Amino acid sequence: YTTTLRINSNDPDEPQVDVPVTMTVVAPDIGVNPLTLTVTLNSGDTTTRTLIINNTGDADLNWGVIEFPTRPWLSEKPVTGTIAPSGSANVVITFTAASSAVGVYTTTLRISSNDPDEPLVNVPVTLIVVAPDIEVNPPAFSIMLYSGDTATETLTINNLGNADLNWGVIEFPTRPWLGEKPVTGTIAPSGSTNVVITFTAAPATVGVYTTTLRINSNDPDEPQVDVPVTLTIHLRIYIPLVTRNY
């Protein structure tokens with residue numbers, strides 16, 4: 001802004017003196033990047049994102065950030081600051097997906113500042129929590145074999161969830177007459193895998209034998225599935241063929 005101060009006087013040779021006046025008004029100018037935040041997390045996981053606040057003005061920018069409304073799964077650091085002209089500040093946004101909290105969650109990061117024409121900037125925030133969901137079929141095995149025989153069955157592991165299912169199978173306790181292949185794997189959402197279960201009845205080991213197939217996974221609400229296994233071994237009896245001559 002400009003004007004002139006004009007001084008009039010009775011000075012005979014300089015009756016008028018002009019004094020130019022200039023006023024420069026400075027102000028901060030806020031910029032925020034990104035303007036939205038959307039994160040997808042597996043249940044129980046944590047991640048961070050960076051929110052950048054810029055000052056493209058020519059005066060210090062004083063700012064502060066709050067959640068509106070406040071959410072337990074979100075945090076920010078730092079939450080206030082001052083940015084010099086042409087400077088910037090990084091705010092670390094931490095997302096935490098609590099176990100079993102599958103769903104879509106939203107809030108807004110509200111950034112207030114002394115920017116005269118943009119004193120409030122809203123950044124929508126969305127957290128999508130996904131999780132695997134295990135299903136095992138059949139729920140139990142009961143096999144009958146004759147001594148010396150071998151048989152195979154199939155254990156099917158399904159993922160009914162919307163995140164990768166990481167699984168592993170062990171015998172509890174380990175038995176020499178049982179085998180599994182494969183014993184670990186990853187199943188995509190809506191996918192499945194087959195585990196071949198091999199039963200071996202060693203000669204002369206007549207009796208009833210039991211163990212459990214324990215399937216561990218990253219399913220947050222069902223991390224362990226037990227499948228009871230029973231093997232019954234019968235003795236094979238050979239009846240000799242007798243030929244009589246009459």
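The values are calculated or read from the model by the stated rules, or taken from the named source; none is laboratory data. Keep in mind that this is a model prediction, so the values were computed, not measured. Glycine gets a Cβ as well: all are built from the backbone with ideal geometry, and neighbour counts include every protein chain shown.
Just checking, which of G44, G57 is surrounded by 15 or more Cβ atoms within 10 Å (Cβ to Cβ), modelled with pLDDT under 95 and not hydrophobic (A, V, I, L, M, F, W, C)?
G44
Tell me which of these G87 doesn't satisfy, since it passes every other one: (1) surrounded by 13 or more Cβ atoms within 10 Å (Cβ to Cβ); (2) under 26 Å from the mean Cα position of the chain (by Cα); (3) at pLDDT 95 or above.
(2)
If S190 satisfies all but one of (1) more than 34 Å from the chain's Cα centre (by Cα); (2) farther than 12 Å from L155 by Cβ; (3) hydroxyl-bearing (S, T, Y), what's the number of the condition it fails?
All conditions are met except number (1).
Before we move on, is D58 of a type outside the set (V, I, T), without any contact (Cβ under 8 Å) to a residue 40 or more places away in the chain and over 15 Å from V125 (Cβ atoms)?
It is true that D58 is of a type outside the set (V, I, T), without any contact (Cβ under 8 Å) to a residue 40 or more places away in the chain and over 15 Å from V125 (Cβ atoms).
So is L127 of a type in the set (A, V, I, L, M, F, W, C), within 18 Å of V196 (Cβ to Cβ) and surrounded by 13 or more Cβ atoms within 10 Å (Cβ to Cβ) or not?
no
State whether the residues of segment 183-203 include one that is at pLDDT below 95 and out of contact with any Phe, Trp or Tyr (no Cβ under 8 Å at 6 or more places or on another chain).
yes
Could you count how many residues in segment 200-245 are part of a loop (DSSP other than H, G, I, E, B) and surrounded by 15 or more Cβ atoms within 10 Å (Cβ to Cβ)?
The total comes to 5.
Against the definition (touching a Pro at 6+ places or on another chain (Cβ under 7 Å) and charged (D, E, K, R)), how does D219 come out, yes or no?
Against the criterion (touching a Pro at 6+ places or on another chain (Cβ under 7 Å) and charged (D, E, K, R)), D219 qualifies.
Residues in segment 170-177: is at least one of a type in the set (K, R), more than 31 Å from the chain's Cα centre (by Cα) and not assigned by TED's automatic domain parsing to the domain that holds A97?
Within segment 170-177 (the criterion being of a type in the set (K, R), more than 31 Å from the chain's Cα centre (by Cα) and not assigned by TED's automatic domain parsing to the domain that holds A97), the answer is yes, since at least one residue qualifies.
Rundown of residues vs (1) surrounded by 13 or more Cβ atoms within 10 Å (Cβ to Cβ); (2) modelled with pLDDT of 95 or more, yes/no style:
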| site | (1), (2) |
| --- | --- |
| I66 | yes, yes |
| T70 | no, yes |
| I83 | yes, yes |
| V91 | yes, yes |
| S99 | yes, no |
| G103 | no, no |
| P139 | no, yes |
| G148 | yes, no |
| N159 | yes, yes |
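Before we move on, is V19 farther than 24 Å from S113 by Cβ, of a type outside the set (G, A, S) and surrounded by 16 or more Cβ atoms within 10 Å (Cβ to Cβ)?
no
Determine whether segment 37-52 contains at least one residue that is touching a residue at least 60 places away in the same chain (Cβ under 8 Å), part of a loop (DSSP other than H, G, I, E, B), within 30 Å of A131 (Cβ to Cβ) and under 20 Å from the mean Cα position of the chain (by Cα).
yes
Just checking, which of V32, V21 is within 30 Å of W63 (Cβ to Cβ), among the aliphatic types (A, V, I, L, M) and either part of a strand (DSSP E or B) or not assigned by TED's automatic domain parsing to the domain that holds L109 (or both)?
Criteria check complete, one pass: V32.
Give me the pairs: first residue in segment 106-121 and more than 12 Å from I66 (Cβ to Cβ), second residue of a type in the set (A, V, I, L, M) and surrounded by fewer than 15 Cβ atoms within 10 Å (Cβ to Cβ), beta-carbon distance under 6 Å, and six or more apart or on different chains, which are they?
Correct list of pairs: P116/A27.
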